[in-house]
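The values are calculated or read from the model by the stated rules, or taken from the named source; none is laboratory data. Owing to the predicted nature of the structure, the values given are computational and were not obtained by experimental measurement. Every residue, glycine among them, receives a Cβ derived from its backbone with ideal geometry; neighbour counts consider all protein chains shown. When the accessible area is computed, the model is the full protein with side chains, heavy atoms only, and any ligands, DNA or RNA have been set aside. Shrake-Rupley method; radii C 1.70, N 1.55, O 1.52, S 1.80 Å.
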Amino acid sequence: MRATSRLHLTQSAISRGLLGVEERLGVPLFEQTSKGLSPTPAGEQLIEGAGAVLAQLVELERRTKTLQERAIKVRVVCECYTAYRWLPSALASLKRGSTGLDVEIAFEHTAHPVAALQAGDIDIALLTTGRVRAPVRELPLFADEIVFVVAVDHPLAERSHVTAADLRAFPIISSTSTPEPEQRWFGAAVFGARRPTLDRLVFPLTEAIVDAARAGMGIAVLSEWIASPYLDRTIVAKRMKKPLQRPWRIAFRPDAADRARQLAAALGGLAPRLYARA
């Protein structure tokens, strides 16, 4: 009777529960005696260890609730528009995990993330080319590869790789939203100090950039995670002999250092899956 009152269950429900546990374990846990139910040796072992297990479950539940209650809000912006292809789903995965961060994407500061950081309008920025100054800090994050998309009948389609000379010979197709610092980074990374004046075509949409390449109008310059879903029998992606890696960094104010390190660790772990998601 004590068990029924403490557990708020009927005697028959308790009996069914015990029988279910015995069937699962394949050993009897209790035996009927003149004084009632008495634990068998197996039952005594189970009772002895159950207290510690239940205590761990209670503590786990407490920590989980506390984590949710103490979720830290953090405002994040990304310098590169292409990252918004994977960033929302990546942050949703983090929210389902145990980072303790409640992340909000501040899209309105995409064009000027460093200025927003310095003004205190955001906590963290994901940067590719933007430069920060003290007291803003930064950490390396990961890298993506820049590839060159051309039509299958383009003169470069059969090449094993493209060269700087190839990129001077054909129009470069890119986005109207590519920031000037990123254009300078591209020019220096591909051509070095003596950067030529390139023939450029710019479009506001990724789909338009890809279609222009498909039409043979030039060479589309895209991140691999953006280009991959569009590759088919009509267009191919070519690389430079030395892959053109674009480094990403996470920048933050000193008061957001802990949150930035948590986010950097989580996003760094997701990076190998970003291409698959795109």
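Taking every residue in the range 143-158 that is within 10 Å of residue 218 (Cβ to Cβ) and pairing it with any residue that is hydroxyl-bearing (Ser, Thr, Tyr), at least 6 positions away or on another chain, the pairs with Cβ-Cβ distances below 7 Å are 151/234. Residue selection: residue 175 satisfies the criterion of being closer than 24 Å to residue 125 by Cβ, touching a strand residue (DSSP E or B) at 6+ places or on another chain (Cβ under 8 Å) and open to solvent by 20 Å² or more (accessible area, probe 1.4 Å).
Consider only pairs whose beta carbons are under 7 Å apart and that are at least six residues apart or on different chains; among these, list those whose first residue lies in the range 107-129 and is over 19 Å from residue 184 (Cβ atoms) and whose second residue is open to solvent by 70 Å² or more (accessible area, probe 1.4 Å). Final answer for the pair search is 109/121.
The number of residues in the range 26-38 that are modelled with pLDDT of 75 or more, of a type outside the set (S, T, N, Q) and at negative phi comes to 3. Considering every residue within the range 170-188, establish whether at least one is part of a strand (DSSP E or B) and under 30 Å from residue 264 (Cβ atoms). There is at least one residue in the range 170-188 that is part of a strand (DSSP E or B) and under 30 Å from residue 264 (Cβ atoms). Flag: residue 226 does not match the condition of being in a strand (DSSP E or B) and not acidic (Asp, Glu).
To keep it simple, each residue is scored yes or no on (1) in contact with a Pro (Cβ under 9 Å, 6 or more places away or on another chain); (2) within 12 Å of residue 145 (Cβ to Cβ).
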position: 186; (1), (2): no, no
position: 197; (1), (2): no, no
position: 200; (1), (2): yes, no
position: 225; (1), (2): no, yes
position: 230; (1), (2): no, no
position: 239; (1), (2): no, yes
position: 246; (1), (2): no, yes
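Residue 241 falls short on exactly one of the conditions (1) open to solvent by 80 Å² or more (accessible area, probe 1.4 Å); (2) closer than 21 Å to residue 114 by Cβ; (3) of a type in the set (D, E, K, R), and that condition is (2). Close Cβ contacts (under 9 Å, 6 or more residues apart or on different chains) running from residues in the range 179-205 that are surrounded by 11 or more Cβ atoms within 10 Å (Cβ to Cβ) to residues that are in a loop (DSSP other than H, G, I, E, B) and of a type in the set (Asp, Glu) comprise 179/79; 181/79; 182/79. Scanning the range 40-66 for residues that are open to solvent by less than 70 Å² (accessible area, probe 1.4 Å) and at pLDDT below 75 turns up 43, 49, 50, 51, 52, 55, 59, 66.
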